[in-house]
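Each remark here refers to the structure printed beneath this line.
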Amino acid sequence: MRYERRGEVPAKRHVQVRRNGGASPLLTEEVMGYEGFSGNETILLHLHSPCRLDAVGEFTPIQRTEWVPDTHVHRLADTAPMEPGGDSVGGRRLLMYNGDIEVSVCKPTEEMEGFYRNGEGDEVIYIHRGRGVLRTVFGRVAFKPKDYVVIPRGTTHTFELEDHDQHWMCFHTPGEIETPNRYRNRYGQLLEHAPFSQRDFHPPEDIETFDETGEFAVDVRVRDGFQRYVLDRHPFDVVGWDGYVWPYTFNADDFEPRAGRFHLPPPAHQTFQGPNFVICTFAPRMLDWDPEAVPLPYHHSNIQSEEVMFYAEGDYAARKGVEIGSITLHPSGLPHGPQPGAVEKSLGAKSTDELAIMWDTFKPLRLTDLWRDNDKPEYALSWNPDRAPATA
Ligand SMILES: [Fe+2]
């Protein structure tokens, strides 16, 4: 990201800092960084040691229920009818995963009682529906529909929901969530041709500092499970921080879409990169403008990727049977493209109002019982008009 600073930060690092005109105890400096001390980092100044524990609770391993389908086919599932429930972390229901990424659906209806920190991965939450505030050790980050909420590992946080009509797609990766390298110059600044600028990334507002004693539960995701700790000091006791690591939002409406005289491939829509996967935003845009252009995607074989699309808004012309909230999975080894009639129908179209979020993984994805329970097997035959009455 870029350098940001909030609260009280001394002129030099690693110096004695006291508050109240020198009357308070020394503040505790915490360096929070990636790749040891070689990646991006932020320095936080705490009122108390962030190591201080009052009690160590249970370790709860993550349980995944894999669904191994009998057949390898294109798949469609609908997240719209999935039942809401749970809180903003505990309510996440795993939909698909591999060693690089986990994707969950969350429709929280309950407020979190404690705090959460992912100690083994970065997270992105795409807010399909809902508003609220991500409260973090760095400060408050308000979120709204179409926001990607990016939460670096190590960020102690909790959520405040503005309402209980929430629908999120949650991504976890053991790697780093970054904007694509090719959008940045050698100093890290976003280039003019990037589909977004630094102004589109919204860091925390002013920090919240609590000098409170009490009982504060913090669940930390580590070693493929959740370790519960109980603190006797409020974890948001930071008086200042500065650096390159902080949570932020980026709204899909701020993605400046690219179009060409002829069709551009998905990398034109790339928003984030992670290890062996990308996340793309197919935003409303003008379509390919040559009179001879075919405005829909050409058929393609994903010989080294699994392509997953979440349909967020608009009328998606290339797919039959797809509703807002639907997800298609076009797995590796199979060609896919617009369904019969879609290309003819699209000719001459000038624009599209679709908004879709896509994640492509370069390694196979495993599905869970949540997908099984929402799978629409008729989708596999939907390219054959004689065999697909259910999705016609
Ligand atoms: Fe595709």
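Each reported figure results from applying straightforward, stated rules to the coordinates on display, with no laboratory input. Just so it is clear, the model here is predicted, and its values are computed rather than measured. Virtual Cβ from ideal backbone geometry, glycine too; neighbours counted across all protein chains shown.
A few notes on this one:
- Computed 3J(HN,Hα) for the stretch 85-98, one whole-Hz value per residue from the Karplus formula 6.51 cos²θ - 1.76 cosθ + 1.60 where θ = phi - 60°, is x, x, 9, 6, 10, x, x, 6, 10, 5, 10, 7, 6, 8, glycine and proline marked x.
- Among Val17, Val124, Val245, the residue with the largest mean-square fluctuation in a Gaussian network model of the chain, with springs joining Cα atoms closer than 10 Å, is Val17.
- Cα-based shape type of the stretch 101-158, given that a ≥ b ≥ c are square roots of the gyration tensor eigenvalues and the cut on a/c is 1.5: rounded
- For the stretch 116-236, the pair-distance distribution built from all alpha carbon pairs, in bins 10 Å wide starting at 0, is 12, 35, 37, 13, 3, 0 percent.
- Derived scalar couplings between HN and Hα for the stretch 74-81 equal 5, 10, 9, 9, 10, 8, 4, x Hz in order, rounded to whole Hz, by the Karplus curve 6.51 cos²θ - 1.76 cosθ + 1.60 (θ = phi - 60°), x for Gly and Pro.
- Relative counts (whole %) of C-alpha pair distances in the stretch 238-323, using bins that are 10 Å wide: 12, 38, 32, 11, 5, 2, 0
- Calculated on C-alpha atoms, the gyration radius of the stretch 16-66 divided by its Kirkwood radius gives an Rg/Rh of 1.20.
- The stretch 203-280 and the stretch 320-392: distance between their alpha carbon centers, rounded to Å: 30
- For the chain, built as a Gaussian network whose Cα springs stay under 10 Å, the top-fluctuating residue of Arg186, Arg366, Arg93: Arg186
- Relative contact order of the chain, taken over Cα pairs closer than 8 Å and 6 or more residues apart, is 20 percent.
- Size check on the stretch 245-392: the Cα extents along the three principal axes, sorted descending, read 54, 45, 27 Å.
- Relative contact order (%) - the stretch 76-175, alpha-carbon pairs under 8 angstrom, separation at least six: 34
- For Gly314, the residues whose amide H sits under 5 Å from its own are Leu355, ignoring neighbours fewer than 5 places away on the same chain, with H placed 1.01 Å from N.
- Pairs beyond 26 Å (Cα-Cα), from Lys144/Lys376; Lys107/Lys376; Lys107/Lys144; Lys107/Lys146: Lys144/Lys376
- GNM flexibility winner over the chain from Gly154, Gly21, Gly85 (Cα, springs under 10 Å): Gly21
- Sequence-separation-based contact order of the stretch 276-343, relative, with Cα cut under 8 Å and 6+ spacing, percent: 37
- Here's how it looks for Gly175: its modeled amide H is under 5 Å from those of Asp122, which are all 5 or more places away or on a different chain.
- Given +1 at the Cβ of Lys and Arg, -1 at the Cβ of Asp and Glu and no other charges, the dipole of the chain around its Cα centre is 900 debye to the nearest 20.
- Translational diffusion of the stretch 168-299 was estimated from the Stokes-Einstein equation, with Rh taken as the Kirkwood radius over Cα pairs; at 4 °C and 1.567 mPa s the coefficient is 70 µm²/s.
- Cα-based convex hull volume of the stretch 195-244 per residue, rounded to whole Å³: 134
- In the stretch 1-128, the convex hull through the Cα atoms has an average projected area of 13.0 nm², a quarter of its surface area.
- Across the chain, counting alpha-carbon atoms alone, Rg and Dmax equal 22.7, 81 Å.
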